[in-house]
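J.: This structure is in structure tokens; I'll ask about it shortly.
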Amino acid sequence: MKISDFQTKDVINITDGKRLGQISDLELDLKQGRIEAIVVPGYSRFMGLFGGGTDLVIPWRNIVKIGSDVILVKMDEVKENTYDERDREARLYDEQQHNRTERVERIERSERNQRRTI
């Protein structure tokens, strides 16, 4: 299935029957090669043209059924993330990855130095 196939389907919350919108984006785990979440634009954005709105991020595990016209999801509590929150989360993740890389490099340098002194 292509992302364009996803984007034409309405997303419906089976908990309250509300139409949440249509998929605008996907969150991917590139290492595992799987979809982590679908992203539905919030109501404060106008036709996807103006930034700064909120997005509804729906984890893949909350998808109940993908039909020919709709995607049924089960969301007990709808949580919208602003772009600023998502950017902050991404920066925090990048910083953690960078810190891990620095620690590994520091340990490797230390081990090389110890081997040289022996």
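J.: Name the residues in the range 1-45 that are outside any strand (DSSP E or B), open to solvent by less than 50 Å² (accessible area, probe 1.4 Å) and within 14 Å of Trp60 (Cα to Cα), would you?
T.: Across the range 1-45, the qualifying residues are Phe6, Ile23.
J.: Of the numbered conditions (1) over 18 Å from the mean Cα position of the chain (by Cα); (2) polar (S, T, N, Q); (3) modelled with pLDDT under 75, Thr15 fails exactly one; give the number of that condition.
T.: (3)
J.: Step by step: first the residues of the range 59-99, then only those that are over 16 Å from Ala37 (Cβ atoms) and either at pLDDT 85 or above or aliphatic (A, V, I, L, M) (or both), then the one that is surrounded by the most Cβ atoms within 10 Å (Cβ to Cβ). Which residue is that?
T.: Step by step, filter the range 59-99, then rank; the result is Val70.
The values are calculated or read from the model by the stated rules, or taken from the named source; none is laboratory data. Because the structure is predicted, anything quoted here is derived from the model rather than measured. Cβ coordinates were reconstructed from backbone atoms using ideal geometry, including for glycine residues, and neighbour counts include every protein chain displayed. Just the protein is used for accessible areas: all its heavy atoms, side chains included, with ligands, DNA and RNA removed. Shrake-Rupley method; radii C 1.70, N 1.55, O 1.52, S 1.80 Å.
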